[in-house]
Amino acid sequence: MHPAGPAAAAISRLWWVLLVGATLIFGFVMALIALAWRRPAGTGDERRFVIGLGLAFPLTVLAALLAYALVLGERLLPRPGPDVVTVRAEASQWIWRFGYPDAEGRATENVLHIPAATPVDVEITTTDVVHSFWVPRLAGKLDAVPGHVNVLRIETDGPGEFAGLGSEYNGPGYAGHRFTVIAHAPEDWAAFLAGDLP
Amino acid sequence: MTVPGESAPSTAPSTDAAPMTALRRHRALTRIWASDPGWKGWFTTVNHTDLGRMFLSVAVFFFVVGGILAMLIRAQLASPRSAFVGPDVYNQLFTMHGTLMMFLFAIPLFEGFAVYLLPKLLGTRDLAFPRLTAYGFWCYVFGGSMLIFSMLAGIAPDSGWFMYPPLSSTLGSPGINSDFWLIGITFVEISAIAAAVEITVTILRYRAPGMRLSQMPIFAWYALVTAVMILTGFPPLILGSILLELERAFGLPFFQVADGGDALLWQHLFWLFGHPEVYIIFLPAAGAISTIIPVMARTRLMGYGWIVAAAVSLGVLSFGLWVHHMFTTGIPHMGLAFFSAASTLVAVPTAVQIFAWIGTMWRGRPELHLPMLWILGFFATFVIGGLTGVMVAVVPFDWQVHDTYFIVAHLHYVLIGGFVFPMLGALYYWMPHFIGRKSYFKIGPTAFWLVFAGFHGTFLLLHWAGLLGMRRRIDTYESGQGWEAINILASVSSFVMAIGFALVLVDIVVNAVVSVRGSRNPWGAGTLEWAMPTPAAAYNFASLPVVTSRDPLYDDPELPARIARGEGYLGDPVRGRRETLSLDISTGRPAYIVVYPGNTAMPMAMAAVTGLFFLGLLVKAYWLVPLAALGVAGFALNWVRALGARREEGALPAGQGLSLPTASEVPDPPGWWGSLFLLLADGTLFGSLLFGYAFLFTIAPNWPPPAWAEPGAGVALAALGGAALVGAGRLTRGGAGAVVTLAGLVALALACLLMLRHAPDPTAHAYDATLWVLTGYALFHLSVAALMAGALFARRRAGIVSARIGGEGRILDLWAGYAALVTLIGLAVTAAPGVLG
Ligand code: HEM
Ligand SMILES: [Cu+2]
């Protein structure tokens, strides 16, 4: 994971927290089991194991985790703002078409242009089966469901090119169902909208 | 197919009037209970010991097939740009791998264990409905054969094991591939439902006299929760499959957005099943673990009550979690938060069980026998799977790893760690019971270490591949993304694991064939299945012991000898037929004597005709479908004919001075209980249908439909009149009751037919399609109830006891009442928008 945007960075941090926590818990449980062989028989106290470890322990850990995740999830949601740019992503077997409300008539295939370091809302739809829109280094994924429009917020730290993937299995062309995201600096983005960039 | 017990004490005097030695009792009972000799026995047996072994063997066969598919998958993915198979084949490979493992291996393996063990653990002689066991088994075999055939013919399903439309529907899969899945799996699910009804009724009503629910072996509790979960978890899937097949075959647009359907409806129905399914798979394994650990640690289970509560709450909770499989479909934020919290919460009852097991080990003195080794493997693996499960319940994290190899790794940690490992432990634990021999060759531990190391070598680093962006279900990948090393390691390790599994098989076969006879209770366990000579005799218990503790053999080491001496109930087979006791649910007091049918090939024949029904649908030979349905109805009538004594017997001696009536003379015979739980599943299916209707109504984009049906007063009149007649039929005594009921059912059917005239084209809009399905559902149940009413009337006339004074009338009441209810509800909800709006 090499995050290149705020959303992906937050998720990446989340992963390291989860990994460290899980490793500690795993080690603890394994140690308890190993101790069963080392201790004299008859030392297991039902209240301590069932209520203390079985109930109280996971409840505490989960409460902390949920609070953290809720705050984080809240920050990842698309919020209306003055400078949010909207683009359209339309998935088909096995092609991605992108449209730009800021420049109607501009359309691209398998390449999505966005302004860099600006919140972008992607309106995701499909013309046939269920697909999913995913740019791993920028944000999580969101599905394209027939008849529905789903909105995903993405944002980059700066200009660059990012690999995008169709990530819901959609038939024989699935492995090759990809696209590229190009994040432009402000001048280039203006040029793109004006039709000066290919 | 039975072998005489090795240790029937020869000349112990019986306390009953008739002097009978244990050996003579054994011979007499065997004459009554034995399956037919030779190959014929395979097809006519209705004995749970035979059928349990058959279920287990076939399930293992499907594990081998699914495992071979997994090896092909790993062969393809070992290197980038592999040209081993193309996407067309690869898509069939992973779809069939997932499908076989989930539906044809995991669930049937549980059924096999439950079918074999439950009567023995509970202290009774067979399951509640022996012929149903056999019918379910043959449905499983025939349905599974359909899927195997599709694979050999190269036209296997290829839309992934969860079959999302539109990809799995006509749009994405015009060929026959998806039909094999929808029809074949539905056919196989008959066996799951049959087994679940059977297990539920058996646990509730067929136990050793005196055994209260709180004294049941812990495995029985787990099996009970699992069975009830099957009854409530599978119907949404069965409904979804029916709807999708109707869309594919006849164009009813349930999942097509243009005509008022919605692809998300399938996802909801599928995961309403799919999440409970995971616990349906895990709970039996947990039952085995709870049974084995105390024995291996030479102590009793810690926190029995807590564990039961945990299992029940896992079962209940798991029905509220399905949306976590749909976090990326655009569910509103509040919904996400709720389902995320609920999903992490399942960790709590799981933790209760894990720590109770560890506490049990602390309390006792654990010994490292082979079953225990597998259970330690379970701990090390399942805990990791559980922790990654909590991770993916955290929504933002799931957005990142959903549909990547992180999920593939997670699900195998849970399924292999949480199911396969403990079940192999269980297999080794009960092996002496299955084959009556003790382990001879010592390749078991080697096999374990190969599997264990191979497993973690395969899947541990695949988590990382997922984090690096490797999607699941891709047939090939480019080099240079940092995945090569992980994949080659995973592929090599998976072959190590496969060799390990092969060694387990060799170990089992070799031991079954060549090793020496073992002692009766090699582990020194306390549960009843070890109170019999092994391999088990066809009748299990020479007499039914009174049991008032959870570990009867610990409290009364003399029990096996007393059972063999006939010092329990029904120890004297004087009536020359298969008999056992049914108990009051809570007190465990004997309530009546059950008389079982004998060996018969009818279940297999009926399963074959059921297969013709599904085959007709599959190959679109629709003329065959009604014929086969008639055939099944004919078999069903024949089925009840066996329960047709004309002579009243009154109370019969059941041993120990107790006299009891037989099941045909009581108001709540086993058939009534079976109907009750079958209707629970049926009602869940109906409820899922109503849910689907409400979902489309409120969420699907293209609603309202062009026109609502607006039935006139005639429909209402016929429906209400019919329902009143059905109600009156309940209250009417004698044969006239059946006639009144029948008239009511006919009036209700008339209302349905009138209703259909108001929505002439079921393909026009999802609303019309729903109306047809709801009405068709009602008509189907009205026909079934009408058939039963007719049969009851005829049987009364013929003087059949169970129809004259027994529970058959109440069984009809149950079905007719249900049919009337679903007809009224179905008509009301489809007519309401048109009438009110
Ligand atoms: C014997 C060792 C096994 C190996 C090496 C193995 C390997 C795999 C692999 C590599 C995939 C991913 C395929 C893909 O996404 O392209 C997969 C998918 C899957 N496996 Fe296994 N597996 C094994 C056993 C099992 C068992 C025992 C179960 C269930 C009880 C199981 C259930 C599944 C399911 C449900 C899927 C998802 C299929 C789909 O995406 O439609 N596997 N397996
Ligand atoms: Cu789930």
Could you go through segment B:108-127 and let me know if any residue there is open to solvent by less than 10 Å² (accessible area, probe 1.4 Å), outside the structural domain of residue B:549 (by TED's automatic domain parsing) and acidic (Asp, Glu). yes
Just checking, how many residues over segment A:55-66 are of a type outside the set (S, T, N, Q) and more than 8 Å from chain B (Cβ to nearest Cβ)? 4
For residues that are open to solvent by 10 Å² or more (accessible area, probe 1.4 Å) and within 15 Å of ligand 2 (Cβ to nearest atom), scanning just segment B:317-334, find the one that is farthest from the other protein chains (Cβ to nearest Cβ). B:319
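Is one or more of the residues making up segment B:284-295 closer than 24 Å to residue B:216 by Cβ and within 12 Å of chain A (Cβ to nearest Cβ)? Lay out the reasoning, then the answer.
Initially, segment B:284-295 is screened for residues closer than 24 Å to residue B:216 by Cβ, giving B:284-295.
Retained after the next criterion (residues that are within 12 Å of chain A (Cβ to nearest Cβ)): B:293-294.
Yes: segment B:284-295 contains one or more residues that are closer than 24 Å to residue B:216 by Cβ and within 12 Å of chain A (Cβ to nearest Cβ).
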Any idea how many residues of segment B:487-508 are away from ligand 1 (no atom under 13 Å from the Cβ) and open to solvent by less than 50 Å² (accessible area, probe 1.4 Å)? 3
Take residue B:152 and tell me if it is open to solvent by 10 Å² or more (accessible area, probe 1.4 Å), within 14 Å of another protein chain (Cβ to nearest Cβ) and more than 15 Å from ligand 1 (Cβ to nearest atom). no
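Could you tell me how many of the residues in segment B:356-413 are of a type in the set (Ser, Thr, Tyr) and not assigned by TED's automatic domain parsing to the domain that holds residue B:447? Can you show your working first?
We begin by selecting, within segment B:356-413, every residue of a type in the set (Ser, Thr, Tyr); these are B:360, B:381, B:388, B:404-405, B:413.
From the residues that got through so far, the ones that are not assigned by TED's automatic domain parsing to the domain that holds residue B:447 too are B:360.
Number of matching residues: 1.
For residues in segment B:471-486 being more than 10 Å from chain A (Cβ to nearest Cβ) and assigned to a loop (DSSP other than H, G, I, E, B), which is surrounded by the fewest Cβ atoms within 10 Å (Cβ to Cβ)? Talk me through it step by step, then tell me what you get.
The first filter runs over segment B:471-486 and keeps only residues more than 10 Å from chain A (Cβ to nearest Cβ), leaving B:479-480, B:482-486.
Now drop any that are not assigned to a loop (DSSP other than H, G, I, E, B), which leaves B:479-480, B:482-483.
Details: B:479: 10, B:480: 8, B:482: 12, B:483: 23.
For segment B:471-486, the residue satisfying everything is B:480.
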Can you say whether residue B:34 is at pLDDT below 95 and under 30 Å from residue B:121 (Cβ atoms), as far as the supplied structure shows? yes
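If you check residue B:251 against the conditions, is it away from ligand 2 (no atom under 16 Å from the Cβ), farther than 30 Å from residue B:365 by Cα, of a type outside the set (A, V, I, L, M) and surrounded by fewer than 22 Cβ atoms within 10 Å (Cβ to Cβ)? Write out each step before concluding.
On the way: away from ligand 2 (no atom under 16 Å from the Cβ): yes; farther than 30 Å from residue B:365 by Cα: yes; of a type outside the set (A, V, I, L, M): yes; surrounded by fewer than 22 Cβ atoms within 10 Å (Cβ to Cβ): yes.
In short, yes.
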Yes or no: segment B:284-301 includes at least one residue that is within 14 Å of ligand 2 (Cβ to nearest atom), buried (at least 24 other Cβ atoms within 10 Å of the Cβ) and not aromatic (Phe, Trp, Tyr). no
Number of the condition not met by residue B:671 [criteria: (1) of a type in the set (Gly, Ala, Ser); (2) buried (at least 20 other Cβ atoms within 10 Å of the Cβ); (3) touching a strand residue (DSSP E or B) at 6+ places or on another chain (Cβ under 6 Å)]: (3)
In segment B:426-477, what count of residues is obtained for those that are within 18 Å of residue B:509 (Cβ to Cβ) and either within 16 Å of ligand 1 (Cβ to nearest atom) or not assigned by TED's automatic domain parsing to the domain that holds residue B:401 (or both)? 6
Which of the strands (runs of 3 or more DSSP E) contained wholly in segment A:100-198 include at least 2 residues that are touching a helix residue (DSSP H, G or I) at 6+ places or on another chain (Cβ under 6 Å)? A:111-115
Restricting attention to segment A:116-169, which residues are more than 10 Å from chain B (Cβ to nearest Cβ), farther than 17 Å from residue A:185 by Cβ and of a type outside the set (Val, Ile, Thr)? A:121, A:123, A:153, A:164
Evaluation of residue B:407 against (1) within 10 Å of chain A (Cβ to nearest Cβ); (2) within 22 Å of residue A:62 (Cβ to Cβ) (one fails), failing number: (1)
Which residue, of B:161, B:138, is within 16 Å of ligand 2 (Cβ to nearest atom), farther than 30 Å from residue B:546 by Cα and either touching a residue at least 40 places away in the same chain (Cβ under 8 Å) or assigned by TED's automatic domain parsing to the domain that holds residue B:604 (or both)? B:161
Please state which one of B:468, B:461, B:450 is open to solvent by 20 Å² or more (accessible area, probe 1.4 Å), modelled with pLDDT under 95 and touching a helix residue (DSSP H, G or I) at 6+ places or on another chain (Cβ under 7 Å). B:461
Of residues in segment B:78-100 being part of a helix (DSSP H, G or I) and surrounded by fewer than 17 Cβ atoms within 10 Å (Cβ to Cβ), the one modelled with the lowest pLDDT: B:88
Filtered residues of segment A:62-83 (kept if touching a strand residue (DSSP E or B) at 6+ places or on another chain (Cβ under 8 Å) and outside any loop (DSSP other than H, G, I, E, B)): A:76
Find all pairs meeting these conditions: Cβ atoms under 7 angstrom apart; at least six residues apart or on different chains; first residue within segment B:327-347 and within 16 Å of ligand 1 (Cβ to nearest atom); second residue open to solvent by 20 Å² or more (accessible area, probe 1.4 Å). B:328/B:399; B:328/B:402
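For residues in segment A:176-191 being in contact with a Pro (Cβ under 7 Å, 6 or more places away or on another chain) and more than 20 Å from residue A:76 (Cα to Cα), which is most open to solvent (accessible area, probe 1.4 Å)?
Of the residues in segment A:176-191, the ones in contact with a Pro (Cβ under 7 Å, 6 or more places away or on another chain) are A:183-186, A:189.
Those left that are additionally more than 20 Å from residue A:76 (Cα to Cα): A:184-186, A:189.
On the way: A:184: 18, A:185: 23, A:186: 98, A:189: 27 Å².
Only one residue fits best here, namely A:186.
Which one of B:764, B:789 is touching a residue at least 40 places away in the same chain (Cβ under 8 Å), in a loop (DSSP other than H, G, I, E, B) and not acidic (Asp, Glu)?
Details: B:789 fails: in a loop (DSSP other than H, G, I, E, B).
Criteria check complete, one pass: B:764.
Can you work out which of the residues in segment B:343-376 that are outside any helix (DSSP H, G or I) and open to solvent by 10 Å² or more (accessible area, probe 1.4 Å) is farthest from the other protein chains (Cβ to nearest Cβ)? Quick ask: steps written out before the conclusion?
Here is the first cut: in segment B:343-376, the ones outside any helix (DSSP H, G or I) are B:346, B:364-369.
Pick out the ones that are also open to solvent by 10 Å² or more (accessible area, probe 1.4 Å) and you get B:346, B:365-369.
Numbers: B:346: 10, B:365: 4, B:366: 6, B:367: 10, B:368: 8, B:369: 14 Å.
Step by step, filter segment B:343-376, then rank; the result is B:369.
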Which residue pairs have Cβ atoms under 6 Å apart, sit 6 or more places apart or on different chains, and have a first residue in segment B:255-279 that is more than 12 Å from chain A (Cβ to nearest Cβ) and a second that is more than 15 Å from ligand 1 (Cβ to nearest atom) and among the aliphatic types (A, V, I, L, M)? B:275/B:321; B:276/B:229; B:279/B:314
Segment A:5-54 - residue that is more than 9 Å from chain B (Cβ to nearest Cβ) and crowded, with 19+ Cβ neighbours inside 10 Å and, of those, modelled with the highest pLDDT: A:6
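The values are calculated or read from the model by the stated rules, or taken from the named source; none is laboratory data. Every value quoted in this text rests on a predicted model; they were computed, and no experiment measured them. Every residue, glycine as well, gets a Cβ built from its backbone with ideal geometry; the counts of neighbours run over all protein chains shown. Remember, those area values only see protein heavy atoms, side chains included, never the ligands or the DNA or RNA. Shrake-Rupley method; radii C 1.70, N 1.55, O 1.52, S 1.80 Å.
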